[in-house]
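Notes follow once the structure below has been shown.
Each value in this text was obtained by applying a stated rule to the coordinates, not by laboratory testing. Values in this document were obtained by computation on a predicted structure and should not be read as measured data. Here the Cβ positions follow ideal geometry from the backbone for every residue, glycine too, while neighbour counts run over all protein chains shown.
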Amino acid sequence: MVDLALKQGTENAAGALPTEEPLVGDIRQEWAWVKSGIDEILAEQPQLTFRAEDVYAEVVMGKAVLWVAPEGFVITSHEQDQFNGDMTFLLWLAWAKKRRQNCAIKYYDFFAQNAKEAGYKKIETRTPIQALEDYLLAEGWDKDTVVYTREL
């Protein structure tokens, strides 16, 4: 199994990282504000079927990782291709305290480098937000699949 937590920087004597990188957070300690961010994401994207408590459970069970940054948080997970076994590092949820900030985008280089070193073949994120799609495509991401659904 590939380590989801990747690597972290080393804290200095003051308890701060020498470089600006997200740190693995303890979801039990961070839950109050992280839950508020997840609830905001879910309110803006009603097509998502999970609840904030489902995200909490995934992190507690080690199936996802909470990354804390000064601007907000990122929750990562992974998926395995059922046919070739390749692992994809998934930037599952990202939330920022202020609008127009995006922790997944800001720390992309950190996540990408560490995911590559950990043996992941791809990095992935998902969004229905058109502005983010335009930005991601301009930054070299590829559009792999678009999913359209219709209630029956």
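Summary table below
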{"read-out": "Projected label distance in nm at ASP26 and ILE41, using a 7 Å step from Cα toward the beta-carbon", "value": "2.2 nm"}
{"read-out": "Shape call, the range 23-138: gyration tensor on alpha carbons, a/c limit 1.5", "value": "rounded"}
{"read-out": "Kyte-Doolittle at least -0.5, axis length at least 15 Å by Cα - qualifying DSSP helices, the chain", "value": "27-44"}
{"read-out": "Antiparallel content of DSSP bridges confined to the chain, in %, to 5", "value": "80 percent"}
{"read-out": "Residues of the range 122-144 with amide N under 19 Å of a point placed 7 Å along Cα→Cβ from THR49", "value": "126-128"}
{"read-out": "Ranked by how many other beta carbons lie within 10 Å on average, peptides 111-119, 82-90, 135-143 from highest", "value": "111-119, 82-90, 135-143"}
{"read-out": "Lysine pair number, Cα distance threshold 26 Å (strictly under), the range 23-138, separation 8 or more or different chains", "value": "14"}
{"read-out": "Inter-centroid distance (Cα atoms) of the range 33-63 relative to the range 97-152, Å", "value": "17 Å"}
{"read-out": "Ordering of 40-49, 58-67 by burial proxy (mean other Cβ atoms within 10 Å per residue, highest first)", "value": "58-67, 40-49"}
